[in-house]
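Structure first, then comments.
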6 protein chains.
Amino acid sequence: MGKETITILETNLDDLNPIFFENLFARLFKEGALDVTLTPVLMKKQRPGYKLTVVAKKNLDKIIKLIFAETTTFGIRIRKEERVVLERKMGEVKTKYGKIRCKIGIDQGEIMSISPEYEDCKKIAEKLKIPLKVVYEEVKAKAKDFNAK
Amino acid sequence: MGKETITILETNLDDLNPIFFENLFARLFKEGALDVTLTPVLMKKQRPGYKLTVVAKKNLDKIIKLIFAETTTFGIRIRKEERVVLERKMGEVKTKYGKIRCKIGIDQGEIMSISPEYEDCKKIAEKLKIPLKVVYEEVKAKAKDFNAK
Amino acid sequence: MGKETITILETNLDDLNPIFFENLFARLFKEGALDVTLTPVLMKKQRPGYKLTVVAKKNLDKIIKLIFAETTTFGIRIRKEERVVLERKMGEVKTKYGKIRCKIGIDQGEIMSISPEYEDCKKIAEKLKIPLKVVYEEVKAKAKDFNAK
Amino acid sequence: MGKETITILETNLDDLNPIFFENLFARLFKEGALDVTLTPVLMKKQRPGYKLTVVAKKNLDKIIKLIFAETTTFGIRIRKEERVVLERKMGEVKTKYGKIRCKIGIDQGEIMSISPEYEDCKKIAEKLKIPLKVVYEEVKAKAKDFNAK
Amino acid sequence: MGKETITILETNLDDLNPIFFENLFARLFKEGALDVTLTPVLMKKQRPGYKLTVVAKKNLDKIIKLIFAETTTFGIRIRKEERVVLERKMGEVKTKYGKIRCKIGIDQGEIMSISPEYEDCKKIAEKLKIPLKVVYEEVKAKAKDFNAK
Amino acid sequence: MGKETITILETNLDDLNPIFFENLFARLFKEGALDVTLTPVLMKKQRPGYKLTVVAKKNLDKIIKLIFAETTTFGIRIRKEERVVLERKMGEVKTKYGKIRCKIGIDQGEIMSISPEYEDCKKIAEKLKIPLKVVYEEVKAKAKDFNAK
């Protein structure tokens, strides 16, 4: 497991048209945000709204500028946190539908998590007209052996 | 228990500034809505939004007009439902802080629910500078005897 | 697929201590409720609360009595709906951890869904001190073959 | 306002990997679903899950098949509702950024709602590197005059 | 943009009657809280509950006392964060409905956000019996020119 | 009021079967977690998911290992916070249903909170076949006197 310092930016939004969030998310990731989440909350005067949370390591000034430009907020909260991360490797799993890429999370040589590439699975499901869950289960089943290696 | 027929109006909103909801709620109740609720949901294209639910018995046309006027929706869903209701009486409970009104729900002569008037309790809590929960508990404790009568 | 008529009971709760829900759920299922759900909503005066939804086929009067007794509501909404259901069978899947029961959903002879028994998987995970997700994936992998039969 | 009969399909999901929802939504719309929403709920045994709601007018059998195939559910609830809809027209609004399409909602000749095409606004915001909210406000400002015509 | 240090207070509540939140919010703001939010969460034993978040710069001891007095919690979490804020000015926008106050957010001389005073807009909407969204759009449209100055 | 330093661990999960949470919660508490919460959020690509929050004072390495083993995450965020806590005492309240244990929260000799033991109340409600809310109200009423001592 590696360790790194990250920055969390948060702001509460009670008067932003929620249709803007898709674009906001896309622009934040383009500026290098590592993660973006939205939480439905109840705010001042019991107004419904959303808390926006952005995790970033760099480009903080640009990200702050972007949030002020694209939303209606007047203030953004900032804190530092540590993050422990698994070592990441890309792997390929042989399935009866062909090879599918997986993101593999490793801790001290041990595989902790195998995450099939969503887009790969989706493409196969669409091409073969089978349920996406069937493709996922095939990958997970074959990845188990991979796991055991 | 009484029985009555009510109408449920529902619409999903993904592009309405959430600051408008307070006013919308107030206007809907003024038109005779019996209940209004807002549920955070995920909509088309996985957009965050709110489902608005209005319960009404009369003025349906006015309520529909109002929703179209005050929101951004293009369609409102409508269904009929039954509703069973307790018989309602207003009562007064003697507490050490004075008399406090309660809404009492009765089924076949039996008291099922006693609901202290929120505004009464709040006024006393403010005047005496005591926690609201303390006032509530006093009312509930005394209402229990009332209950037993 | 079978078809059946069910009844949906709904009520909004803005002044119920949420610690009561666990007990309410348990009692509702004991009375024969088929499903119970709770949705966080925003209610009248923009108060936070919960919508309780109960799906039932029988014992409606008892269930209504129970909701009035265990909650603070003064009214319960009722509607009828149809429900299409898969044919259900219990099966057993042989895994490297032993046999695990599965609930199998079938439509016109075709297996649509295989759902490992949660408690079986949990017991094995606890006994062998392995992650629950590993047990689940083993069952799903072996059930796939079962699926193919 | 027009009136039409629609069908609402609902199911609760407590054991579906949420990464499958994006694909499920896309497939449902491809089959002709009019609206799809997801609500975070608390289910049986107080498990966190999602309620899936699909609004449709046709292809009900295909949609039901699809939900059973792509999710883990064993039952889908069905009800009929009415829906009142505004008359829809597409219009174009001249803005300082060029023409932008709008969806216009009309009731008895009166414009009730003007909804800028999200994708049009987004393209302009990207091209001109200006905030999306600025483009939206320009469209809304100009649409107001259009409104007054 | 200015920078300031703020304190975040958080506590999870699984056994508080949610009707108390309105009063709690009001008292917290009276004690000088800068922001208060409520998030629906799932807690210990998978109980539904709410996370209360309070942002404050001063009166921390009083705010902590208040939370203990008005809620059922046994512990409150505290952390420090930075907050970047836009420079705030109050302005007036001339609209066809008269002058309406706006809160203006400025960064290095550039206007980033213009927020119409909710109460002003609401009063006009009520007086003229027009939708609140129409008043807001008029203000935003006129504020745009103000913006360009 | 006492003060202590605690650690907050957080991770966002968009591809974990939500049926695993009950087991995850149980294992986290067994490792010494002080509190565990789950918040429904909208994540990257607007995917629905859950934020897991764990509060702990010790066994951090084991808890981190456990989260990686039982979930699908590749990274866990960590921060330190202070926590102010009431002094806790266990007490017994005499009610007409017998003695019921209560958790009492005290600040400088003053009782701030009295929390009836949920399991005690539930057992009595079950044995006497009375609503749980009635038992709770009895305890709260009698605890008030206890409070005044």
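The values are calculated or read from the model by the stated rules, or taken from the named source; none is laboratory data. Quantities reported herein were computed from a predicted structural model and do not represent experimental measurements. Cβ: placed from backbone, ideal geometry, glycine included. Neighbour counts: every protein chain shown.
The figures follow:
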{"quantity": "Matching strands (runs of 3 or more DSSP E) fully within the range B:21-127 where at least 1 residues are on the phi > 0 side of the Ramachandran plot and surrounded by fewer than 17 Cβ atoms within 10 Å (Cβ to Cβ)", "calculated": "B:98-107"}
{"quantity": "Residue A:100 vs. criteria in contact with a helix residue (DSSP H, G or I) (Cβ under 6 Å, 6 or more places away or on another chain) and away from chain C (no Cβ under 14 Å)", "calculated": "yes"}
{"quantity": "Only one of F:7, F:11, F:53 that is farther than 25 Å from residue D:73 by Cβ and within 14 Å of chain D (Cβ to nearest Cβ)", "calculated": "F:53"}
{"quantity": "Residue within the range D:70-88 that is more than 8 Å from every other protein chain (Cβ to nearest Cβ), in contact with a helix residue (DSSP H, G or I) (Cβ under 9 Å, 6 or more places away or on another chain) and of a type outside the set (S, T, N, Q) present", "calculated": "no"}
{"quantity": "Among residues of the range B:17-28, those that are more than 7 Å from every other protein chain (Cβ to nearest Cβ) and not basic (Lys, Arg), counted", "calculated": "3"}
{"quantity": "Number of positions in the range F:16-54 that are under 30 Å from residue A:28 (Cα atoms) and in contact with a Gly (Cβ under 9 Å, 6 or more places away or on another chain)", "calculated": "7"}
{"quantity": "Residue pairs meeting the criteria (Cβ under 6 Å; at least 6 apart or on separate chains; first touching a residue at least 60 places away in the same chain (Cβ under 8 Å), in the range D:22-50; second among the basic types (Lys, Arg) and surrounded by 22 or more Cβ atoms within 10 Å (Cβ to Cβ))", "calculated": "none"}
{"quantity": "Test: residue B:140 is assigned to a helix (DSSP H, G or I) and under 26 Å from residue D:79 (Cβ atoms)", "calculated": "no"}
{"quantity": "The listed residue being more than 21 Å from the chain's Cα centre (by Cα) and among the small types (Gly, Ala, Ser), out of E:69, E:26", "calculated": "E:69"}
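To keep it simple, each residue is scored yes or no on (1) modelled with pLDDT of 95 or more; (2) facing another protein chain (nearest Cβ under 7 Å); (3) touching a Ser or Thr at 6+ places or on another chain (Cβ under 9 Å).
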residue: C:65; (1), (2), (3): yes, no, no
residue: C:90; (1), (2), (3): no, no, no
residue: C:108; (1), (2), (3): no, no, no
residue: C:122; (1), (2), (3): yes, yes, no
